[in-house]
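The values are calculated or read from the model by the stated rules, or taken from the named source; none is laboratory data. Quantities reported herein were computed from a predicted structural model and do not represent experimental measurements. Cβ atoms come from the backbone with ideal geometry, glycine included; neighbour counts cover every protein chain shown. SASA here: full protein model, heavy atoms, side chains in, ligands and nucleic acids out. Shrake-Rupley method; radii C 1.70, N 1.55, O 1.52, S 1.80 Å.
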Amino acid sequence: VGPPPLPPPPPDPYAAALVELDAIEAERWAARGDVARHYEAVADALRDYLEEADGLPARERTTTELLWSLPPLLAEAGLRRRVQDVLGDADLVKFAKLRPRPDEAASYTTRARDLLERWHRAARAGEELDALR
């Protein structure tokens, strides 16, 4: 009898967010008339990524609070503006009752994926810089 098996490594936050976005798209909420649910789920997937990858209490903060608490690597090179645009659109749907068309919801998911990819690349670039020091 050997040592107990090691627990599996925690899921990669980036991979988990991509899986979540795929699942949201598969639900087709916007096409079925529930655009608000689509936008909320996509925004939550982004906020969950920030919580898991960077330890930010992103679900507990307003979009404005979140913008100013982003680590520098996730806010440079136009990223802060992209965050404001993507999460701001979800806020309009949630609070101002804006109801975009289903094709706009698909475009929203594409923009969210782009933001997620940029955050992921920025974090990896930061890790590489730290490794060189």
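So the check is Cβ under 9 Å with 6+ separation or different chains; which pairs have a first residue in the stretch 8-21 that's within 11 Å of ALA53 (Cα to Cα) and at pLDDT below 95 and a second one that's open to solvent by 80 Å² or more (accessible area, probe 1.4 Å) and in a loop (DSSP other than H, G, I, E, B)? So the pair list comes out empty. Does ALA106 meet the test of being out of contact with any His (no Cβ under 7 Å at 6 or more places or on another chain), of a type outside the set (Phe, Trp, Tyr) and closer than 21 Å to PRO13 by Cβ? When the stated conditions are applied, ALA106 does not pass them.
For the stretch 35-60, a residue qualifies if it is crowded, with 16+ Cβ neighbours inside 10 Å and in a loop (DSSP other than H, G, I, E, B), and exactly one does: LEU56. Remark: GLU65 falls outside the filter, which requires a residue to be in a helix (DSSP H, G or I), touching a helix residue (DSSP H, G or I) at 6+ places or on another chain (Cβ under 8 Å) and of a type in the set (Asp, Glu). When every residue of the stretch 70-78 is checked against the conditions, none turns out to be modelled with pLDDT of 95 or more, within 14 Å of the chain's Cα centre (by Cα) and in a helix (DSSP H, G or I). Scanning the stretch 71-87 for residues that are among the aliphatic types (A, V, I, L, M) and open to solvent by 60 Å² or more (accessible area, probe 1.4 Å) yields LEU73, ALA77.
Looking at the stretch 100-110, can you tell me whether even one residue there is open to solvent by 60 Å² or more (accessible area, probe 1.4 Å) and assigned to a loop (DSSP other than H, G, I, E, B)? For the stretch 100-110, residues open to solvent by 60 Å² or more (accessible area, probe 1.4 Å) and assigned to a loop (DSSP other than H, G, I, E, B): present.
If the requirement is being in a helix (DSSP H, G or I), modelled with pLDDT of 95 or more, open to solvent by 50 Å² or more (accessible area, probe 1.4 Å) and of a type in the set (A, V, I, L, M), which of these qualifies: ALA90, ALA26? Unique residue meeting the criteria: ALA26.
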